[in-house]
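All remarks here apply to the structure that follows.
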Amino acid sequence: MIYSSLSSRVGTNYVPTDEEIAQIGELLSGPALKLANLKAAMERNKAEYRELFSQHEELTREIEEYRALISPVRRLPIDILQEIFCHCLPTEHNALMSHHDAPVLLARICSSWRSIALSTPELWSSIHIPVPPFSRSRFFYRNYDEEAYKTDTINLVAKRSAAAREWLARSCACPLSISLHDADASGGNKTHCDALLASFMPFSSRWKSLSLTTSAINLKPVANLAAADVPLLESLTLTIINTTPPMHWLPHSSPDIINCLKSGVIRAPHLRQVSFIRIFEEFATFPLNWTKLTKLSLEGTSRGLAENMTIYKIAPLLVMCKQLVEVRLEISHTLGQDAGTLLISSISLPHLLTLSMHDCGVGVSWFFDLLQVPLLEHFEYHTEASAGPMAGVLGLLSRTGDTLRSIVTDFQIFTKSEFTEALQHCHSLVSLSNNYAHPVDMASQHDLVQCFDDEFLELLNTTNGDYILRELEVLECFSPAGFSDAALLAFIKSRSRKGGLFLTHAKLKRVSASFNRQQDLPLKEELEPLIQDGLQVQLSYAPPPPRGPFSASDGIHAPAAFPSHHQSEFLF
């Protein structure tokens, strides 16, 4: 501290005299020298610190290098490391040709891992091959010169084709899972598609799963294969783009008409899973081994006038498919037919676990009456009918209530009494999802029956002695929910282990809901303890209303409560 007679003047507006200025100069000479000495000492200490830091970093590097030598992963047998590598592969889709993902990523870590990855055939037994668009998209490549784009695309296709051949060659004798995706509906992509198809056609004898999304005209090489060429094929998915019904694998205008009835691919001896999407041919005449199928998916035609996708054509097929485990159907309009024209008393599918169905609003209630599915676990149903009697669906739910574990449907098609009655039969239900499968006119939503409201959540609230769905773990409402934040909070708390009679019901794991209103309660703070305990919550709300025309904050963008493009949303 510097003490003087002027100490009381420090920090004031006082103006010192000449004598006092000289006095202050003499007073500060000692402290100024001390300050210079301190600065010099600090510089010496900084230099010493830098030297110590450098030594620390060097020693740390050396220690880490030696520690790396004794890392447990180095001692793993190669077969164990290969097994770990295989578990790094994606499970929802085939492996991508990307250095950001396994298996390519695994080959970029070190020379040892690269050698192991490249010598592990299982890592290279699946591949997803995207076909680049023929012409630049006006949305994604607006600044890309057209000619430069075509040149770069040709080069990319050549590299991708060569890479796919090399990739599959590494798989040795492993059965292959291959998917090709060509989203270009312009019809000009045949050259690119042919080049990429050619990259895996030589491996057809090892195809186990094949999924092709492309224009029908590009399927000629595959359709020309004989059954003997695909001896291992178990799963076939064909998704046709750029079609106008009726459509075959090749359009009638093609000089090389291909009749799929003559194709050996669908005669593959071990074919068990079939998905036809936007194919309008007469499925019943396909030379499939219907009695051996475990999965059947006929989709993408519900909005067309596909006569071969009526329930009257599909029902007889299902009668033959006794081994089905999964069925997905989109039913087209039924014209001038009724159930009396079918000589079918029941459709028995004793092994069926999953049934997904979407119809155009035609009367299919009788179809559900015919179904005998004693093991059904997952049921999804969507209809373009806004409402109406759903006796067949209700009957199915009541017959399968002891086995059903998940339901996805537009519950607005039911009356509230039907909705409640249906769920009362579902004693084993784990997941319940309310979801529109087709666009709904927002202006007419007030006419829909709102089943997901406060009254419904009260039925699920464990504080209610007569609550239902004791095994429920997942609740989703992707159509606008009608319940309040208070009712939602009470339901969640009652179904968690942090509150309610948790010994009498399953623990709630996930809640998702979409609202066409703004949030009215601070749910995040209330739910934080439950979220820490593992509960997943995803809620989206409508954005705040626009400001008035005379607002003082016009031109100022108010931050949304939760970041989202169209809605306020938060995910815990």
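The values are calculated or read from the model by the stated rules, or taken from the named source; none is laboratory data. Because the structure is a prediction, the values reported are computed rather than measured. Counting neighbours? That spans all protein chains shown, and the Cβs are built from the backbone with ideal geometry, glycine included. We work out accessible area using only protein heavy atoms, side chains counted, and drop any ligands, DNA or RNA first. Shrake-Rupley method; radii C 1.70, N 1.55, O 1.52, S 1.80 Å.
In segment 501-542, of all residues being more than 13 Å from Leu488 (Cα to Cα) and among the basic types (Lys, Arg), the one that is most open to solvent (accessible area, probe 1.4 Å) corresponds to Lys509. In segment 345-367, the qualifying residues are those that are at pLDDT below 90 and crowded, with 21+ Cβ neighbours inside 10 Å, and the one that is nearest to the chain's Cα centre (by Cα) is Asp359. What about Ala95, is it modelled with pLDDT of 95 or more, in contact with a strand residue (DSSP E or B) (Cβ under 6 Å, 6 or more places away or on another chain) and closer than 24 Å to Ala158 by Cα? Yes.
Here is a check on your reading of the model: is Leu342 surrounded by fewer than 18 Cβ atoms within 10 Å (Cβ to Cβ) and modelled with pLDDT under 90? Yes.
Does segment 73-91 contain any residue that is in contact (Cβ under 8 Å) with a residue 40 or more places away in the chain, surrounded by 12 or more Cβ atoms within 10 Å (Cβ to Cβ) and closer than 22 Å to Asp182 by Cα?
So the first thing to find is which residues in segment 73-91 are in contact (Cβ under 8 Å) with a residue 40 or more places away in the chain, and the list is 82.
Filter again for surrounded by 12 or more Cβ atoms within 10 Å (Cβ to Cβ), leaving 82.
Narrowing the set further to residues that are closer than 22 Å to Asp182 by Cα leaves none.
Scanning segment 73-91, I find no residue that is in contact (Cβ under 8 Å) with a residue 40 or more places away in the chain, surrounded by 12 or more Cβ atoms within 10 Å (Cβ to Cβ) and closer than 22 Å to Asp182 by Cα, so the answer is no.
Scanning segment 20-71 for residues that are acidic (Asp, Glu) and either open to solvent by 70 Å² or more (accessible area, probe 1.4 Å) or in contact with a Pro (Cβ under 9 Å, 6 or more places away or on another chain) (or both) gives Glu26, Glu43, Glu48, Glu51, Glu57, Glu58, Glu62, Glu64, Glu65.
Please enumerate the residues belonging to segment 225-238 that are part of a helix (DSSP H, G or I) and either among the aromatic types (Phe, Trp, Tyr) or surrounded by 16 or more Cβ atoms within 10 Å (Cβ to Cβ) (or both).
Let us first name the residues in segment 225-238 that are part of a helix (DSSP H, G or I), namely 227-229.
Passing the criteria: Ala227, Asp229.
Scanning segment 239-295 for residues that are hydroxyl-bearing (Ser, Thr, Tyr), within 24 Å of Glu326 (Cβ to Cβ) and either open to solvent by less than 70 Å² (accessible area, probe 1.4 Å) or at pLDDT below 85 (or both) yields Thr239, Ser263, Ser275, Thr285, Thr294.
Starting from residues that are outside any loop (DSSP other than H, G, I, E, B) and within 30 Å of the chain's Cα centre (by Cα), keep the ones in segment 92-112 and report whichever is surrounded by the fewest Cβ atoms within 10 Å (Cβ to Cβ). Looking at residues that are outside any loop (DSSP other than H, G, I, E, B) and within 30 Å of the chain's Cα centre (by Cα), I get Arg108. Across segment 363-376, the qualifying residues are those that are touching a strand residue (DSSP E or B) at 6+ places or on another chain (Cβ under 7 Å) and in a loop (DSSP other than H, G, I, E, B), and the one among them that is nearest to Leu432 (Cα to Cα) is Leu376. Only residues that are touching a Phe, Trp or Tyr at 6+ places or on another chain (Cβ under 7 Å) and within 11 Å of Ser514 (Cα to Cα) were counted in segment 527-539, giving 1.
Of the helices (runs of 4 or more DSSP H) contained entirely in segment 127-224, those carrying at least 2 residues that are modelled with pLDDT of 95 or more and exposed (fewer than 14 other Cβ atoms within 10 Å of the Cβ) fall at 146-169.
Do we find a residue being under 25 Å from Thr400 (Cβ atoms), open to solvent by 10 Å² or more (accessible area, probe 1.4 Å), at pLDDT 85 or above and among the aliphatic types (A, V, I, L, M) anywhere in segment 307-314? Within segment 307-314 (the criterion being under 25 Å from Thr400 (Cβ atoms), open to solvent by 10 Å² or more (accessible area, probe 1.4 Å), at pLDDT 85 or above and among the aliphatic types (A, V, I, L, M)), the answer is no, since none of the residues qualifies.
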